[in-house]
Amino acid sequence: MPDYYPVYLNLAGKNCVIIGGGTIAQGKVSGLLQAGCRITVISPDATPGIRQAHQRGDISWVQRPYQPGDLEGAFIGVAATNVWHVNREIYEEAERLGVLLNVVDDPDLCSFIAPSIVKREPVTLAISTGGASPALARKLRETLANAEALEWADLADVLAQARRIVKERRIAIDPERWQCCISRDLLNLVQDGRNEEALDTLLTQLLDPETPGMCSDLARCRKRTCQARTAQPGGAEQEARSREKEAVR
């Protein structure tokens, strides 16, 4: 089984060809439309959902079976014909043209596999078992969908604003300092709708070397001196484990 490299693709405006018009193909259409693809479905028949998307002008539908050359100009392709020898032909064309291809239920013919997705906007978690078990990927997705840890995704917008401001000011900040600043107190401010206050608090902690409990050197944090980090849930235990590892070395 291949050792897949996880990656997120920017598909906005890219050509995508989906060969097959069944329920699985319809599911692929939905996700790829969200990513901004220009989609062409090639299939003699199609589900009502695909037909409706075509009627709305969201996608193109070529009403015929696959023919060699259908992947010309595609950036990404999906083979969902449920006919092995046709999927094999599509795979061989994709290999020849250098088109990224997902062959449904056949990882050996895939140049990429679609992960199971958990979203809490704007954060996306992608779960893959490397093609070993889609059922396990789904179980993990359903378990993680309600996980308390996903609450931290609510900080994404404030962190993005702060990151943009720091970059504009060209100030070097140790990545560990960012970790120290991602705190439950900051999360509470955002979840209470106090985003401006959260941003001000975050920027002060990031940019003020006199912030109580944090390193005075913005660019290089000193290990085990950040009281803010060890005060977070699990922080003290993490520091203790770090010291144990250093002692073993």
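Would you work out the relative contact order for the chain, in percent, from Cα pairs under 8 angstrom that are 6 or more residues apart?
11
If packing is taken as the average count of other Cβ atoms within 10 Å, what order do 20-29, 167-176, 132-141 fall into, highest mean first?
Sorting 20-29, 167-176, 132-141 by mean packing, highest first, produces 20-29, 132-141, 167-176.
How large is the Kirkwood hydrodynamic radius of segment 1-104, counting all unique pairs of alpha carbons, in Å?
One over the average 1/r among Cα pairs gives 13.7 Å for segment 1-104.
Under 8 Å for C-alpha pairs, at least 6 residues apart: give me the relative contact order for segment 77-188, rounded to a whole percent.
Across segment 77-188, relative contact order equals 16 percent.
Gain in length, residue 55 to residue 4, computed as 0.36 nm per residue apart minus the alpha-carbon separation, to one decimal in nm?
In short, 14.7 nm is gained.
Give me the percent of accessible area attributable to carbon and sulfur for the chain, probe 1.4 angstrom.
On the way: 7570 of 15280 Å².
Whole-percent figure for carbon plus sulfur exposure: 50.
Compare the Cα positions of 2, 46, 91 along the charge dipole of segment 1-100 (+1 at Cβ of Lys, Arg; -1 at Cβ of Asp, Glu; about the Cα centre) and return the one farthest towards the positive end.
46
So what's the gap between the Cα centers of segment 120-145 and segment 40-92, to the nearest angstrom?
With segment 120-145 and segment 40-92 each reduced to a Cα centre, they are spaced 26 Å.
Provide the per-residue ³J(HN,Hα) series for segment 109-116, in order, calculated from phi with Karplus coefficients 6.51, -1.76, 1.60 and θ = phi - 60°, each as a whole number of Hz, with x at glycine and proline positions.
Coupling constants for segment 109-116: 9, 8, 8, 8, 10, 8, x, 7 Hz.
Please give the helix 84-97 orientation as an angle from the longest Cα principal axis of the chain, in degrees from 0 to 90, rounded to the nearest 10.
It is inclined by approximately 60 degrees.
Given axes a ≥ b ≥ c from the Cα gyration tensor, I'd like to know whether segment 63-112 is rounded (a/c under 1.5), prolate (a/b larger than b/c) or oblate.
On the way: a/c = 1.62, a/b = 1.04, b/c = 1.55.
Judged from the Cα gyration tensor, segment 63-112 comes out oblate (a/c at least 1.5, b/c at or above a/b).
Could you give me the ³J(HN,Hα) list for segment 4-9, computed from phi with Karplus coefficients 6.51, -1.76, 1.60 and θ = phi - 60°, whole Hz, x at Gly and Pro?
After applying 6.51 cos²θ - 1.76 cosθ + 1.60, I find 6, 9, x, 7, 10, 9 Hz.
Given a cut-off of under 8 Å on Cα pairs at least six residues apart, what relative contact order in percent is computed for segment 174-221?
46
For the chain, modelled as a Gaussian network with Cα springs under 10 Å, which listed residue fluctuates most, 90, 113, 182?
In the Gaussian network model the winner is 182.
Can you give me the distance in nm between label points at residue 185 and residue 33, each placed 7 Å from the Cα along the Cα-to-Cβ direction?
4.6
Give me the three principal axis extents of the chain from the C-alpha atoms, as integers in angstrom, largest value leading.
Principal-axis extents of the chain (Cα, largest first): 69, 45, 34 Å.
Applying the Karplus parametrisation 6.51 cos²θ - 1.76 cosθ + 1.60 with θ = phi - 60° to the phi angles of segment 195-207, what ³J(HN,Hα) value in whole Hz is obtained for each residue in order, glycine and proline being reported as x?
5, 5, 5, 5, 5, 4, 4, 5, 5, 4, 5, 6, 9
The values are calculated or read from the model by the stated rules, or taken from the named source; none is laboratory data. Fair warning: this is a prediction, and the values are worked out from it, not measured in the lab. Virtual Cβ from ideal backbone geometry, glycine too; neighbours counted across all protein chains shown. Only protein heavy atoms, including side chains, enter the accessible area calculation; ligands, DNA and RNA are left aside. Shrake-Rupley method; radii C 1.70, N 1.55, O 1.52, S 1.80 Å.
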